[in-house]
Amino acid sequence: MAEKFLWGSATAAYQCEGAWDADGKGPSIWDQFCHSEKNTTGITGNVSCDFYHHVEEDLRMMAEGGQNTFRFSISWSRILPKNDHVVNPAGLAFYDRVLDACEKYGIVPNVTLIHYDLPDYIGDQGGWCYPGVADEFAYYCSVVFKHFGDRIPLYVTINEPNHNAYCDYCVGNYPPNETNLQHYCQCAYNMAVCTAKAIREFRKLNLKAQIGVVQGCGPATALQDTPEYRDAVKYCNYFCNDWILDPAIKGAYDPELIAAVKAKGIDLSFVKEEDLEIMKHNTIDFLGQNIYSRMLVKPNTSGITAFTVNNAGNNDGSASAARETRAIAGWFESDRDPNTKLNHWGREIFPQCAYNTLMERKRRYGDIPIYVTENGHGCYDVADENGYVEDDERIEFLRNYLHYILKAKQDGVNLKGYYVWSTMDLYSWINGYKKRYGLVRVDYDDPQRKRTPKKSYFWYKQFIAEHQDL
Ligand code: BG6
């Protein structure tokens, strides 16, 4: 019998669980950051939508919405709260409850081992740049693999290594809030080693489950086809894509990428032969691809290296309004297509990028199974007096992107599943709670965090029902 296509939605531990110090959980770097003066808004994920106490209700709503899969992440510091390798049984018990609810409602779990929230004790030692991070991560993963085994059929090592490294060490809006290209490269490298070492632990257990990694951005593209523009695309892909995906999928870095990074003045003495050997033998089974926007670039004529984001949500579409940009001197810089719209956070809305992304992955990596692990629209929702949101804007976004995603499947991409970001409203990193993505509204003024399905929830249910025979 053919495998069922997976239709679901996604969350991440810090963004939805709340219960930040409950039942023996240790602090993560996000707890630490949000409780510090660096967090100028004072907004935290301490309670968020309190998934910790709404597991049953949230899983039931997913099932009632026709969804058959749920992507969530495990909080490392719930499982290993301190720097002593001692497992917290209550942490494991919480995720057992989540898996029990998944089983009860016929929902396939797709579980990410880390979604940005490193334990604070790893942060104290240098975070993703700590040379021992991969061994610590592999130990944590082995605890998870041994405990949950095949109850979890799809494991993801790291959510968006590139975007995580980028925000931590280029933009500097995520902890440890640095702008340091050297550390970006070291972090991205260590993440590749983390994935390889975790996979080595995973393979030892001979599970039936599969393991993958989730990539954040899509391939770079340009509005012009000249040698200079093609170079800009190539360098942007080195920076955002190949640096992560080549070791994970092909088991090795492209020598040209290594040469280009060295020529940029990055000290690659952190690259170790023994790590490269482990990468070679420990590649992923599937790729998770998050799809939000397009990576549009042009040659870097400014000679400037700079990265900007808009965490204020004040983009009004005017030419001067803040948007997401990235530039590396001599390599590439962001371009802007005057014919497309930006959302309030300065991110381009461009549904065709979904098709281009998936087709480019197929071109470079062949028939690797792919899941679209996130796709969603962040906006200011307006609820009526009953908490109901007519989010037509979100529906339009999802409908248009899904059109191109399914077209890529028709054109041969080995697509296995799709996840809306997000299952319910949750904390948006730095942006707080005003930027909403959920299919289900969460009332943050209500201590009980009342849930109300939005119009998009019902639309998605119908869409799934109409697309059962894929
Ligand atoms: C993805 C992350 O990059 O984008 C999610 O995996 C995140 O955790 C989502 O929430 C949307 O980004 P933001 O910054 O708008 O919340």
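For the stretch 251-275, a residue qualifies if it is aliphatic (A, V, I, L, M) and not in a helix (DSSP H, G or I), and the qualifying residues are Ala252, Ile266, Leu268, Val271. Would a scan of the stretch 408-422 turn up a residue that is under 25 Å from Lys234 (Cα atoms) and among the β-branched types (Val, Ile, Thr)? Taking every residue of the stretch 408-422 in turn, at least one turns out to be under 25 Å from Lys234 (Cα atoms) and among the β-branched types (Val, Ile, Thr).
Restricted to the stretch 331-364, and to residues there that are within 21 Å of the chain's Cα centre (by Cα) and of a type in the set (Asp, Glu), the residue that is modelled with the lowest pLDDT is Glu348.
Scanning the stretch 12-33 for residues that are in a helix (DSSP H, G or I) and more than 14 Å from the ligand (Cβ to nearest atom) yields Ala22, Asp23, Gly24, Ile29, Asp31, Gln32, Phe33.
Scanning the stretch 266-276 for any residue that is of a type in the set (Val, Ile, Thr) and surrounded by fewer than 20 Cβ atoms within 10 Å (Cβ to Cβ) turns up at least one such residue. Do the conditions hold for Thr325, that is, is it away from the ligand (no atom under 16 Å from the Cβ) and surrounded by fewer than 18 Cβ atoms within 10 Å (Cβ to Cβ)? In short, no. Taken over the stretch 387-440, the residue count meeting the criterion of being more than 16 Å from the ligand (Cβ to nearest atom) and basic (Lys, Arg) is 4. Evaluate the stretch 74-94: report whether one residue or more is assigned to a strand (DSSP E or B) and farther than 30 Å from His467 by Cβ. No, that holds for no residue. Restricted to the stretch 223-237, and to residues there that are within 15 Å of Thr357 (Cβ to Cβ) and either free of Cβ contacts under 8 Å to residues at least 12 places away in the same chain or among the hydrophobic types (A, V, I, L, M, F, W, C) (or both), the residue that is farthest from the ligand (Cβ to nearest atom) is Val233.
Among all residues of the stretch 41-59, there is none that is within 30 Å of Asp469 (Cα to Cα), within 16 Å of the ligand (Cβ to nearest atom) and either acidic (Asp, Glu) or surrounded by 22 or more Cβ atoms within 10 Å (Cβ to Cβ) (or both).
Among the residues of the stretch 265-282, are any in contact with a strand residue (DSSP E or B) (Cβ under 6 Å, 6 or more places away or on another chain), away from the ligand (no atom under 16 Å from the Cβ) and farther than 20 Å from Lys234 by Cα? I'd like the intermediate steps shown before the answer.
So in the stretch 265-282, the residues in contact with a strand residue (DSSP E or B) (Cβ under 6 Å, 6 or more places away or on another chain) come out as none.
Among the residues of the stretch 265-282, not one is in contact with a strand residue (DSSP E or B) (Cβ under 6 Å, 6 or more places away or on another chain), away from the ligand (no atom under 16 Å from the Cβ) and farther than 20 Å from Lys234 by Cα, which makes the answer no.
Residue-wise test of (1) in contact (Cβ under 8 Å) with a residue 24 or more places away in the chain; (2) charged (D, E, K, R).
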residue: Leu402; (1), (2): yes, no
residue: Asn414; (1), (2): yes, no
residue: Tyr418; (1), (2): yes, no
residue: Leu426; (1), (2): yes, no
residue: Asp445; (1), (2): no, yes
residue: Arg451; (1), (2): yes, yes
residue: Tyr460; (1), (2): yes, no
residue: Phe463; (1), (2): yes, no
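Just one of the listed residues (Gly288, Gly303, Gly251) is within 16 Å of the ligand (Cβ to nearest atom) and either farther than 30 Å from Leu415 by Cβ or at pLDDT 95 or above (or both), and it is Gly288. Against the list (1) over 21 Å from the mean Cα position of the chain (by Cα); (2) aliphatic (A, V, I, L, M); (3) closer than 16 Å to Cys217 by Cα; (4) within 15 Å of the ligand (Cβ to nearest atom), the condition Val297 fails is (4).
Residue-level check: of (1) touching a residue at least 40 places away in the same chain (Cβ under 8 Å); (2) surrounded by fewer than 19 Cβ atoms within 10 Å (Cβ to Cβ), Gly366 misses just (1).
The values are calculated or read from the model by the stated rules, or taken from the named source; none is laboratory data. Everything numeric here is computed off the predicted structure, so don't read it as measured data. Cβ sites come from the backbone with ideal geometry, for glycine too, and all protein chains shown count toward neighbours.
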